[in-house]
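These notes concern the structure reproduced below.
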Amino acid sequence: MNNDSQHPADEDQAVLSFEHKDDSDKEVDMTPMIDCVFLLLIFFLVTASFQLQKSLEVPPPEQKDPNAATKTIEEIEDDADTVIVRIDRDNTIWVNDSEAPSEQDLLLKLRDARENAQTPDGRPASILQVLADGDARHDVVVLVLDAGTAEGFEHVRLASADSEMY
């Protein structure tokens, strides 16, 4: 046999090569991670609760005459243009000495008190004076202030008072 002749089985065998290929030009595909980040962003935006915050304008006290801004409870009660709401330390709401146990009752009593106020020029009362005890809960006070605004009072005033005063 001739050494130059090759065996037919040798031709069919694949040549194995253990060369090291340079993979430095290949990069990690970032598309799935970016998709996940966008999905999480959308999820948190959709599930976040957005609330409109209400605010009350509190005018600064007038500095002209320090005694002009001070009124006694009796002077406020005698004013025909004012409806008085009292909140005691037990968070009970009183509209002109009538108890308002729920928000609906509060709205009805405020509407009636505003319309029945006898102003000299025949228009409804425009001032709501809220006298809140220092121990009253904040949410009850805000409820009364919001109800006064909802019923159309032009001026809503808040004062802190002890329960013994009224």
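A simple spin-label model places pseudo-atoms 7 Å from Cα toward Cβ; at Glu154 and Asp97 they are separated by 2.8 nm. Sorting 39-45, 120-126 by average packing, meaning the other beta carbons within 10 Å per residue, from highest down gives 120-126, 39-45.
Could you compute the net charge surrounding Asp90? Neighbours are other residues with a C-beta less than 9 Å from the C-beta of Asp90; K and R count +1, D and E count -1. Local net charge: -2. The packing ranking, built from the mean of other Cβ atoms within 10 Å per residue, places the peptides 152-161, 97-106 in the order 152-161, 97-106, highest first. Considered as an equivalent ellipsoid built on the Cα gyration tensor, region 73-165 has semi-axes of 20, 15, 11 Å, the largest given first. Each Lys or Arg adds one and each Asp or Glu subtracts one; over the other residues with Cβ under 14 Å from the Cβ of Glu99, this totals -4. DSSP beta bridges confined to region 73-165 are antiparallel in about 30 percent of cases.
Only the coordinates and a few stated rules stand behind these numbers; no lab work does. Since this is a predicted model, take the numbers as computed values, not measurements. Neighbour counts run over all protein chains shown; Cβ positions are idealised from the backbone, glycine included.
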